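Comments concern the structure below.
Since every read-out is calculated from the coordinates, none of them should be taken as a lab result. Keep in mind that what you see is a predicted model, and the values were worked out from it rather than measured. Please note: Cβ atoms are built from the backbone with ideal geometry, for glycine as well, and neighbour counts cover all protein chains shown.
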Ligand SMILES: [Zn+2]
């Protein structure tokens, strides 16, 4: 697990936002980690039964888009309660995206990315 030096502020923001959203929705998030580089090619994010979310911020030297990062955040958060992509997962995923929209998460992600282009 290595964090690209230009992604430090972005990672801190993503982690803080995930912790906030997990608390808001009562989800058992225990840890947030950058995705190991060997998995970043095929995975934008994943989560474990232990409540660990791993997220890809960059692949092949190129940063993921803010929309992709935000979608992955909501996707993996929803898996903390619903393991399979069924209706209950979809409902929670949608609620998280709505909450992120109200919190202007994407605008704030973009602002952080501009600090570390
Ligand atoms: Zn999934």
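Summary of computed values
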| item | result |
| --- | --- |
| Cα pair distances in region 48-89, grouped into 5 Å bins until the bin that holds the longest one, percent each | 5, 23, 24, 20, 16, 9, 2, 0 |
| Rounded to 5, the percent of DSSP beta bridges in the chain classed as antiparallel | 55 |
| Least to most buried among 39, 85 (fewest other Cβ within 10 Å first) | 85, 39 |
| Stretchable slack from residue 20 to residue 85, in nm (0.36 nm times residue separation minus alpha-carbon distance) | 21.1 nm |
| Distance (nanometres) between label positions extended 7 Å along Cα→Cβ at residue 49 and residue 3 | 2.9 |
| Stretch gain in nm, segment residue 65-residue 99, where the contour uses 0.36 nm per residue and the Cα spacing is subtracted | 10.3 nm |
| Compactness index (Cα Rg / 2.2 N^0.38 Å), region 6-117 | 0.99 |
